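S.K.: Below is a structure I'd like to ask you about.
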Amino acid sequence: MPPSIVEKYEQILAADPRSRIFVELAKALVERGDAARAVEVCRRGLEHHPSSILGRVVWGRALLDTGDAGGAVAQFEAAVAVDPASPYAFNLVGEALVAKKHFAQALPYLERAVELQPADARVRGWLDQARRQLGVGAVTPQPGPKQAPEQEDSETTIQVGLRRRSSSAATPAPTSAPAPAATGTAISTATSTAIPTATSTSSPETAHPEPFDSAASGRSAQDRLRVSATAETGTRGAPPVLSRVAPAGETSAAGTVPGAGATAPITPPPLRAPATPPPLSPDPSRSVLYMIPTETTRDVIGPSAAGRVGALRAPAGAAPDAAEADRLAQQFADELRKKLLAETPPPAPSRLRRSRRLLGAAAIVLAVGAAVAVYLVADAKRATALAATAGVRARAGLARDTLGSLREAARLLEEARRASEDPELVSLSAQVAALLAVEHGDEAARKLAAELARDPRSGDGGRVVDYLLAASPAEAKDAEGSLLDARPSSAPLVQELAGRVLVGRGELEAGRGRLEIAARANPPLLRALSELGDLSLRAGDADRALALYRAALGAHPTHPRSVVGAAEARLATRRDLADAARELAAVEADPASAPPQDLRLRFELAAARVALARGEPAEAAARLARATESLGQTGTLAAALAEAHLAARDWDRAEAAAARAVQLEPREVSHRLLLARAQVGRGRPAAALAALAPVDGRAVRIQRAIARLRLGQPAAARRELEATGRDGRMPAEAAVWYALADVALGRAPRARALLEKLSLARTPPPLVHAALGRALEAEGNLAGAERAYRTAAEREPDAPEGLAGLGRVLVARGHAKDAIAPLEDAVRMDPADLEARRALGEARLVAGLAGSARAELDAVLLARPNDVPALTLLSAAWLAEGEASEARRAAERAVAAGPRDGRALLAAARAAHVAGDLAAAKPLAARALKAGLRGDDTVEAKKILTFAGKQVAMNAPSSAKKVPAAVSKPARRR
């Protein structure tokens, strides 16, 4: 949809706040009913143009619409005070007040306007309307003076006379001439008639005349002379009809030639002609006989009309008389005149005629010179206008700070420099070229920037080029000093670069001040707003940073620096991640908004982290892999890729990427933490401890504690976590693992109290609900543990710990079938979680799915061959399928891996009992009871022990031979 007229005016005013277009914008806003905005527009515009009469009148109109009559009158008085001698302001104010029906306030303005221009019918109409509304008598036109007014043009009067002559020609005129005394009346009547006619057809512009035009005063003296002459002629009688009023050949309405015919001539209206016409110059066509002393006027112009008529009426056969003699004499005179004319040489040409060719050539030369001068003046004006327009648009492009806007600014400036030598164009060109060279790799722009920097007119542009294109640290240091020495009135880009230098030196407040100067420029420099947002984000104020980024994006929605900063701020607040992804995609889809070279890595990292936060780790990893190919291998990219693989729980790839990051940047602690996390996930906690050995810190100690818990060293893990405390306070994440260490040490009630307190925080730490479920499960409160695990699964749906714990509790409570679904989800999220796989195998086994249970248990044993619980469950699965020998083999492996594990001993006793080897089953059951079995396991072990004891007692010799070698040490001794 094309922009409205208000939007066009706003765009023009935004590009040039000093433009007079503010008046038109305010008028349009008033017509649309937006008087409040119109008041603000007028206020700002009159700061630059305080003498604008129309601006103050429009301001007053807007104030009337808002109900501020006092303020409106103040603006009207200010408009009138600009030029009290001109009717312009009085007309505008009176019209505005009448339109709003403020007739009492309009009356003095209209009366003054009528005094200044008594012939303006529109103003008189407004005055009459105001007086009628107030009950005052209307204005009556006063008869004009005896002479025509000075404002009337002579040609207007002549044309009016022609119209009257034409209109009156159709009516028979009296035979007698009009009385001379009527002429004075005719003058005043013509005057009073002609002026309203011209006024009533005038345009709106003439109804509101501009202040007095000096060009119009050049004819006032001549007009006054003609008026006085006309008046004097009128008192003496009607003037003759001049040929310019009624040209020969012009016919009247009746079809007759004016001045001829049987009727008497019609008296024309008075004309503005001098009383005595100027003397006529000699006519070259006149007869030369006037030089003969005896020649008369009759001899020159011939006999009168009456004589010619009489000659025509003479009879053909009349006798010669005196008249005939006269005729013969006249014929002789004519012949003589012709002879003299033939013998008289033509007069010598005048000097003017002799030189007309020379004068014509001179005139042509002068005309050509004038045309050339006009062209040169116009070309100079065009060049000036082009330079001004290019400067405004180039500053706007530089402020937008995108690849497309910088290239367009460079193009405009190149054209403008050809037509103008304005130093500002050179400075702007140098700044734009330097940015294109450094941030977008434009080599042609680099050469141009270096060339312009050598120009003494480059000014601030030279400073920018020296800093951005510095070839050595010494040059960079000198350029930094030049930037810091720049005045606050220097170019916005100079202020932004100076602020960046100060921030890099640690002078944050001084740098912020320079950046704020650039951000408040006109137009504002968007990169300065982005830099201010980065400062707030580094200070931990993500909301303030996001507000600054949004301000820049309001001016240009795909400004790459602000889009990246806004994404990072949203990642910090974990809000509006969909908006961040949409803005990043818009920048990526717009070639004119391609990120600068120094921003590309940050852009890719922000996009990948937003994808991770939105639960798209595969997309994040793919993006980072492409970024590695295009930008090269860096420690930061490798670490981000490791982070993406960790989010996907792809431990092998995460470990490889983290190891590469450590290799590229061995001193970076965060890279080692990523490596340790990957190794713990792969089940290699010892390797994680080795990777973290050279570094220290809170995060390092927390990760060490996690590794030691996986190694079964809860006391050592507790000591690591205690070292993270400061001033008696421990980080919330460390407190969660501290509680888990207490659970492992058998201090479940103490751990539960701590975890319940942490779970009530406004922002609970990760895994707190899963840890609480583990503490409740250790206390035997399975119902409470189930509630805690369900809460963990709801609040952290991407974490498998809550789902795995829920499955274990459901199996323990006898709901094995209900446990299969959450356990399958947990295994899908983290295929390397062996505990979740083992729990899923147990749930399927209890649910009667022995075959699928063995599949999960085999996966566990493939990664951990001596996993005692998995071997115990595998033995039970083989028994469920009737494979006693396989069950006994698995149980024996479990006993070998955990000789004091009660459930492994019970599984071995059960498998021996089913296989019929009661002699082996009896000691295994006894050892299982001594290992501390609980519940149903204790009952089953006692049954096996009792039954096997009886059978052994009955068949002592035969049963002793069947005791396996791996049953127990006492058996082997016997």
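The values are calculated or read from the model by the stated rules, or taken from the named source; none is laboratory data. Here the structure is a predicted model, which is why all the values come from computation and not from measurement. Here the Cβ is made from the backbone with ideal geometry for all residues, glycine too, and neighbour counts use every protein chain on show. Heavy atoms of the whole protein, side chains included, go into the accessibility calculation; ligands, DNA and RNA do not. Shrake-Rupley method; radii C 1.70, N 1.55, O 1.52, S 1.80 Å.
S.K.: Pairs needed: first member in the stretch 55-72, farther than 15 Å from E95 by Cα; second member anywhere, open to solvent by 40 Å² or more (accessible area, probe 1.4 Å) and in a helix (DSSP H, G or I); C-beta distance under 6 Å; at least 6 residues apart or different chains.
M.R.: Sorted first by the residue in the stretch 55-72, then by its partner, the list stays empty.
S.K.: Now a separate question. So R795 passes all but one of these: (1) free of Cβ contacts under 8 Å to residues at least 24 places away in the same chain; (2) more than 21 Å from I706 (Cα to Cα). Which condition number does it fail?
M.R.: The single condition R795 does not satisfy is (1).
S.K.: Can you name the condition, by its number, that P456 falls short on among (1) part of a helix (DSSP H, G or I); (2) more than 26 Å from the chain's Cα centre (by Cα)?
M.R.: Every listed condition holds for P456 apart from (1).
S.K.: Can you find, within the stretch 917-941, the residue that is most open to solvent (accessible area, probe 1.4 Å) among those that are farther than 20 Å from L873 by Cα and of a type outside the set (A, V, I, L, M)?
M.R.: Among them, the one singled out is K930.
S.K.: Return a yes/no flag: does the stretch 875-883 have any residue that is part of a loop (DSSP other than H, G, I, E, B), in contact (Cβ under 8 Å) with a residue 24 or more places away in the chain and under 24 Å from G814 (Cβ atoms).
M.R.: Checked the stretch 875-883: at least one residue is part of a loop (DSSP other than H, G, I, E, B), in contact (Cβ under 8 Å) with a residue 24 or more places away in the chain and under 24 Å from G814 (Cβ atoms).
S.K.: Here's a follow-up. Which ones in the stretch 889-910 are crowded, with 24+ Cβ neighbours inside 10 Å and either hydroxyl-bearing (S, T, Y) or farther than 15 Å from L945 by Cβ (or both)?
M.R.: Restricting attention to the stretch 889-910, the residues satisfying the condition of being crowded, with 24+ Cβ neighbours inside 10 Å are 890-891, 894-895, 904-910.
Across the stretch 889-910, the qualifying residues are A890, A891, A894, V895, A904.
S.K.: Mind checking whether some residue in the stretch 841-852 is closer than 21 Å to R710 by Cβ and not charged (D, E, K, R)?
M.R.: Yes, that holds for at least one residue.
S.K.: R500 - would you say it is outside the structural domain of R18 (by the TED database) and without any contact (Cβ under 8 Å) to a residue 12 or more places away in the chain?
M.R.: no
S.K.: So, one more: Restricting the search to the stretch 415-452, which residues are modelled with pLDDT under 90 and surrounded by fewer than 22 Cβ atoms within 10 Å (Cβ to Cβ)?
M.R.: Taking the stretch 415-452 and keeping what is modelled with pLDDT under 90, we get 415-425.
Once the filter is applied, which keeps residues that are modelled with pLDDT under 90 and surrounded by fewer than 22 Cβ atoms within 10 Å (Cβ to Cβ), the stretch 415-452 yields E415, R417, R418, A419, S420, E421, D422, P423, E424.
S.K.: Which ranges mark the helices (runs of 4 or more DSSP H) fully within the stretch 657-721 that have 3 or more residues being on the phi < 0 side of the Ramachandran plot and in contact with a Ser or Thr (Cβ under 7 Å, 6 or more places away or on another chain)? Outline the logic, then answer.
M.R.: Numbers: elements: 669-681, 685-691, 698-710.
Helices (runs of 4 or more DSSP H) meeting the threshold: 698-710.
S.K.: Which pairs turn up if I take residues in the stretch 466-482 that are farther than 16 Å from R500 by Cβ and look for partners that are loosely packed, with under 11 Cβ neighbours inside 10 Å with beta carbon separation below 9 Å, at least 6 apart in sequence or on another chain?
M.R.: none
S.K.: Give the residue, chosen from R582, R575, that is without any contact (Cβ under 8 Å) to a residue 40 or more places away in the chain, within 22 Å of E619 (Cα to Cα) and not in a helix (DSSP H, G or I).
M.R.: R575
S.K.: Name the pairs whose Cβ atoms lie under 7 Å apart, with the first residue in the stretch 745-774 and surrounded by 19 or more Cβ atoms within 10 Å (Cβ to Cβ), the second among the polar types (S, T, N, Q), and 6 or more positions between them or separate chains?
M.R.: V768/S759; H769/S759; H769/T791; L772/S759
S.K.: Look through the stretch 602-656, keep the residues that are assigned to a helix (DSSP H, G or I) and of a type in the set (S, T, N, Q), and return whichever of them is farthest from D833 (Cα to Cα).
M.R.: Taking the stretch 602-656 and keeping what is assigned to a helix (DSSP H, G or I), we get 602-613, 617-631, 635-647, 651-656.
After this cut, where a residue has to be of a type in the set (S, T, N, Q) as well, the list is 628, 630, 636.
Values: T628: 30, S630: 35, T636: 28 Å.
Per the stated criteria, the residue is S630.
S.K.: List pairs: first residue in the stretch 627-647 and over 18 Å from R667 (Cβ atoms), second residue open to solvent by 40 Å² or more (accessible area, probe 1.4 Å) and aliphatic (A, V, I, L, M) anywhere in the structure, Cβ distance under 8 angstrom, at least six positions apart or on different chains.
M.R.: Filtered contacts from the stretch 627-647: A627/L601; L631/L601; L641/A625.
S.K.: A further question follows. So which residues in the stretch 722-738 are under 23 Å from G681 (Cβ atoms) and part of a helix (DSSP H, G or I), if there are any at all?
M.R.: Once the filter is applied, which keeps residues that are under 23 Å from G681 (Cβ atoms) and part of a helix (DSSP H, G or I), the stretch 722-738 yields A732, E733, A734, A735, V736, W737, Y738.
S.K.: A further question on this structure: Which of the residues that make up the stretch 644-677 are acidic (D, E) and open to solvent by 70 Å² or more (accessible area, probe 1.4 Å)?
M.R.: D652, E668
S.K.: Looking at the stretch 794-814, which of its residues are small (G, A, S), open to solvent by 10 Å² or more (accessible area, probe 1.4 Å) and over 14 Å from P765 (Cα atoms)? Quick ask: steps written out before the conclusion?
M.R.: Initial filter on the stretch 794-814 (small (G, A, S)): 799, 802, 804-805, 807, 812, 814.
Imposing the further condition that a residue be open to solvent by 10 Å² or more (accessible area, probe 1.4 Å) reduces the set to 799, 812, 814.
Scanning the stretch 794-814 gives A812, G814.
S.K.: Suppose we filter G33, G94, G67, G55 for residues that are touching a Gly at 6+ places or on another chain (Cβ under 7 Å) and among the small types (G, A, S); which single one remains? Before the answer, list the steps.
M.R.: Details: G33 fails: touching a Gly at 6+ places or on another chain (Cβ under 7 Å); G94 fails: touching a Gly at 6+ places or on another chain (Cβ under 7 Å); G67 fails: touching a Gly at 6+ places or on another chain (Cβ under 7 Å).
Just one listed residue meets the conditions, G55.
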